[in-house]
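Okay, so here's the structure we're looking at.
The values are calculated or read from the model by the stated rules, or taken from the named source; none is laboratory data. For clarity, every value in this text was computed on a predicted model and none was experimentally measured. We place every Cβ from the backbone using ideal geometry, glycine too, and count neighbours over all the protein chains shown. Ligands, DNA and RNA are stripped out before the accessible areas are found, and what is left, the full protein with its side chains, is counted by its heavy atoms. Shrake-Rupley method; radii C 1.70, N 1.55, O 1.52, S 1.80 Å.
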Amino acid sequence: MPRYARSEREALAELMSTLGPDAPTLNEGWTTRDLAAHLVVRERRPDAAAGIVVPPLGGHAERVRRRVAALDWTELLGQVRHPPVWSPVSNPLTDELTNTLEFFIHHEDVRRARAGWQPRDLPVGLERALWRRLSALGRLALRRFPAQVLVQAPGHGEVATGRGGEPLRLVGTPGELALFLSGRQRAARVQLDGPPALADRLRTASLGF
């Protein structure tokens, strides 16, 4: 069975190693060093990882992340490449489920922050794996958006979401939809069909976690 979480992790670590710790990412204000520290905290510091998605705990999470970011770059990358087997999100039983989407998105965060990037031709299996995770992501990201949104990935399926209202259709490959729905709208190559003002609002909406 293909291990897409592992392959995306290795590709991201290799790219960060090539670019160095100060390369830009799509994450506003973050360099590759900052992103690497985020990944390490998520996997190795459960006490701080909760702050990534729970705002009241965000201050502790950020303090821990900054301390981790101060590590030697080679050591930091080593921790990205080799997650602990005890980690709740990276052990052999959970790795594909919890890390395929995570590492795909962050790999693209680094790739697409560089001039001249082009979309990758993803393996069909990876596209399918991403789509399986997009149903929940789409419903979560757009649950409060004031429209009836139909998210479509031709050849994979569709998901209806949104708070209701005028219809809006979001179309793309699973990889591009994953980036759009995680808040990387400007870097995602998708098609939006519907009222222009509503489409523009979705392109600039605060999505993701």
### Task
Kindly indicate whether any position in the range 56-65 is open to solvent by 60 Å² or more (accessible area, probe 1.4 Å) and among the basic types (Lys, Arg).
yes
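Are any residues in the range 112-133 of a type in the set (Lys, Arg) and open to solvent by less than 30 Å² (accessible area, probe 1.4 Å), and if so, which ones?
Passing the criteria: only Arg112.
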### Query
Does the range 99-114 include one or more residues that are among the polar types (S, T, N, Q), within 26 Å of Arg42 (Cβ to Cβ), in contact (Cβ under 8 Å) with a residue 60 or more places away in the chain and assigned to a helix (DSSP H, G or I)?
yes
### Message
Would you confirm whether or not the range 155-172 contains a residue that is open to solvent by less than 20 Å² (accessible area, probe 1.4 Å), touching a residue at least 40 places away in the same chain (Cβ under 8 Å) and not polar (S, T, N, Q)?
### Response
no
### Message
Against the condition in a loop (DSSP other than H, G, I, E, B), in contact with a Ser or Thr (Cβ under 9 Å, 6 or more places away or on another chain) and over 24 Å from Ser135 (Cα atoms), how does Asp34 come out, does it pass?
### Response
no
### Message
Looking only at the range 90-111, count every residue that is open to solvent by 50 Å² or more (accessible area, probe 1.4 Å) and either at positive phi or hydroxyl-bearing (Ser, Thr, Tyr) (or both) and tell me the total.
### Response
0
### Task
Confirm whether Pro24 is touching a residue at least 24 places away in the same chain (Cβ under 8 Å) and open to solvent by 70 Å² or more (accessible area, probe 1.4 Å).
yes
### Task
Please specify each residue of the range 77-98 satisfying the condition of being within 11 Å of Arg6 (Cα to Cα), part of a helix (DSSP H, G or I) and out of contact with any Asp or Glu (no Cβ under 9 Å at 6 or more places or on another chain).
Asp95, Glu96
### Filter result for Ala197 (touching an Asp or Glu at 6+ places or on another chain (Cβ under 6 Å) and farther than 28 Å from Arg120 by Cβ)
no
### Candidate set: the range 1-30, residues that are farther than 12 Å from Val110 by Cα and aliphatic (A, V, I, L, M); chosen: the one modelled with the lowest pLDDT
Met1
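Every residue, every condition in (1) within 27 Å of Ser7 (Cβ to Cβ); (2) assigned to a helix (DSSP H, G or I); (3) aromatic (Phe, Trp, Tyr), yes or no:
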position: Asp121; (1), (2), (3): yes, no, no
position: Gly125; (1), (2), (3): yes, yes, no
position: Ala129; (1), (2), (3): yes, yes, no
position: Leu140; (1), (2), (3): yes, yes, no
position: Leu150; (1), (2), (3): no, no, no
position: Gly165; (1), (2), (3): no, no, no
#### Entry: Single residue of the range 176-201 satisfying the filter (assigned to a helix (DSSP H, G or I) and in contact (Cβ under 8 Å) with a residue 60 or more places away in the chain) that is surrounded by the fewest Cβ atoms within 10 Å (Cβ to Cβ)
Ala187
